[in-house]
1. In the set 176, 231, which member is within 26 Å of the chain's Cα centre (by Cα), modelled with pLDDT of 80 or more and either exposed (fewer than 15 other Cβ atoms within 10 Å of the Cβ) or assigned by TED's automatic domain parsing to the domain that holds residue 296 (or both)?
2. Condition first: touching a residue at least 12 places away in the same chain (Cβ under 8 Å) and within 16 Å of residue 135 (Cβ to Cβ). Now tell me which residues in the range 162-203 satisfy that.
3. Considering only residues of the range 202-228 that are surrounded by 15 or more Cβ atoms within 10 Å (Cβ to Cβ) and not in a helix (DSSP H, G or I), which is modelled with the lowest pLDDT?
4. Kindly indicate which of 122, 98, 112 is at pLDDT below 75, assigned by TED's automatic domain parsing to the domain that holds residue 168, touching a Lys or Arg at 6+ places or on another chain (Cβ under 9 Å) and not basic (Lys, Arg).
5. What are the residues in the range 451-477 that are small (Gly, Ala, Ser) and part of a loop (DSSP other than H, G, I, E, B), if any?
6. Looking at the range 478-521 only, could you name the residues that are assigned to a strand (DSSP E or B), buried (at least 20 other Cβ atoms within 10 Å of the Cβ) and more than 59 Å from the chain's Cα centre (by Cα)?
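The values are calculated or read from the model by the stated rules, or taken from the named source; none is laboratory data. These figures come from a predicted structure and were not determined experimentally. Heads up, the Cβs are rebuilt from the backbone with ideal geometry, glycines too, and the neighbour counts pull from every protein chain shown.
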Amino acid sequence: MRGEVSDTFVAGPEPASPRAAERAHLLSETLGQLLSARDPDSMVRQLLPKVASHLGADAYFNFMINERGDDLYLHSCSGMPEEVARSIQQEHFGSMVASGEDTTMIRRSSQAHLGSRAGIRAYACQPLVVGGRALGTLSFASSRRDGFEPEELEFLRTISQYLAMALDRLRAARDLRKVAAEREQAEAQVRYQRDTLERIVNGAPLNEILERLTADIESLFERDLIASVFLIDSEGRYQRPVSGRKLPGEWRHDFGGPETEDFKTEALKPGPRECWSAPILSTGGHALGAFAIQYREASEPTEQEERVVDVATRLAAVAIERKQSEDALKDSQAKLREHAQTLEHRVTERTASLREAVAQMEEFSYSVSHDLRSPLRAMQGYAKALMEDCAPKLDEQGRHYLHRIINSSSRMDRLIQDILTYSRLSRREIYMQPVLLDRLVNDIIQQFPEMQPPNACIHCEALLNVVGHEPSLSQAISNLLSNAVKFVAPETTPKIHVWTEHRDGRVRLWVQDNGIGVRPGDQGRLFGMFERLHSEKKYAGTGIGLAIVRRAMDRMGGRAGMESDGVNGSKFWLELPAAEGGATY
């Protein structure tokens, strides 16, 4: 604190040692009581009048620096008229000035009327400093003396030091209690938040959660207020308040929400003098609703009230989002159940339709295998008998026609047989199990003479085992090997290479031939029904063999394909899951 010195006081001699003894006793008493007192504040008010009496002062003033550190406020005083005390409740820095090193005197310019109003003739002011930090001032005034002696000013310095230490201890204790209270309040808020979150997680109804939040806000604050919650509907409009025990009935039913233009006017109609609201925001920043706070007396929200309402809005957001999630889940479950019922009904209908189709297919297969094949076989038999018994009696053209009848009936029989095979693949039960490819391929070769030397040369490497349906897999491999033997150039011995390889947990079986190959443009339709790339005269067949291969692999959950450049033979492959045990099982 800096400024100008107004007066200088001349000290006289110490008249007698009893006053020094009295000062020493007073200092000892002051030090002991200030440092041991549980309430230094009240002790100051008891001791300072004694100090004033010893100094012959009519009054004392104790100013303290406020929390902001920009002003002095009157902490305690005695001996001054009430109107004078009211006039000096606050002093600005600069209105107190230093005399000598640390003793201060009041500047006449700022307190020009103090002497005339209170009759003060002598005034001494001492700063209260602890550790270089200013706390305030201690002043004594007299209307009977013209000044204070040096010993008295030194006594005042010492008293001021004691007082500064006591007040610093008081402030530290208050700060400690404030920190402890804030910590206790923070811990209580944490417990409150945890308890509320547990209630939310345990499925407490949304209205119950919001009612509790508004009730807790009303009970936590020391003044009379009304707390309520508004929610936003699916169309983005505020609904009527959903909670608020103290909310007036007319406002509960007639008010449109914090977003309306007349919010404040309508909110104050039931009697409150002031109101404000805080939005409830989702985790994505979307408005879910708002907390409305109404005060019965005109005032602004405190920092603590804003913090409490902020916590309440966050908890309300969690509860609202959980309720929305539950509603969305219930809606999804209802739709899922409805869809499942619809799907089940469709499956039932399609299952019945499929059973009917299977029955018709079985009936058709029976008809093909008996009703159609019986006359076909009779035709074949009679044609062969006619060829054997009457061939000499027929001319060349008659024998030619008879040969064509026999060949066509044989081809028709093979076609019917292939159709039945394809049909059985679609209807038969598939049981997947490990299959020993080495043994299976060798058995197939032994069944067909055209696959054995000298008719063909088939080289098989050690084959990996697969998981499949052995009858269906046998049919597929038989068809591939038969095609490899059949589709070769004239006067060419078929050479076939068979091997397997691992493919990401599956096994691919390769059948490579030295045949005529398949042009790239024809490969896309090669596995279709009745697809033939060559005439019957050049290469016999029904056009169903590779369709049977594809159907068999589809039923086993496998795949089939081929590679060819159209010139240097072809490579057909089948792919199925690998069986444990590698090349041997």
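1. Values: 176 fails: within 26 Å of the chain's Cα centre (by Cα).
On inspection, the qualifying residue turns out to be 231.
2. Scanning the range 162-203 gives 162, 163, 164, 165, 166, 167, 168, 169, 170, 171.
3. Pass one, the range 202-228, residues surrounded by 15 or more Cβ atoms within 10 Å (Cβ to Cβ): 204, 206, 209-218, 220-221, 225-228.
Add one more test, that the residue is not in a helix (DSSP H, G or I), and what stays is 204, 221, 225-228.
Working: 204: 83, 221: 74, 225: 78, 226: 80, 227: 83, 228: 81.
Among them, the one singled out is 221.
4. Details: 122 fails: at pLDDT below 75; 112 fails: touching a Lys or Arg at 6+ places or on another chain (Cβ under 9 Å).
When all the criteria are applied, what remains is 98.
5. Initial filter on the range 451-477 (small (Gly, Ala, Ser)): 456, 462, 468, 472, 474, 476.
Matches in the range 451-477: 456, 462.
6. Within the range 478-521, 496 is the sole residue that qualifies.
Rundown of residues vs (1) surrounded by 10 or more Cβ atoms within 10 Å (Cβ to Cβ); (2) out of contact with any Gly (no Cβ under 8 Å at 6 or more places or on another chain); (3) within 30 Å of residue 317 (Cα to Cα); (4) of a type in the set (A, V, I, L, M), yes/no style:
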| site | (1), (2), (3), (4) |
| --- | --- |
| 159 | yes, yes, no, yes |
| 171 | yes, yes, no, no |
| 185 | yes, yes, yes, no |
| 191 | yes, yes, yes, no |
| 195 | yes, yes, yes, no |
| 200 | yes, yes, yes, yes |
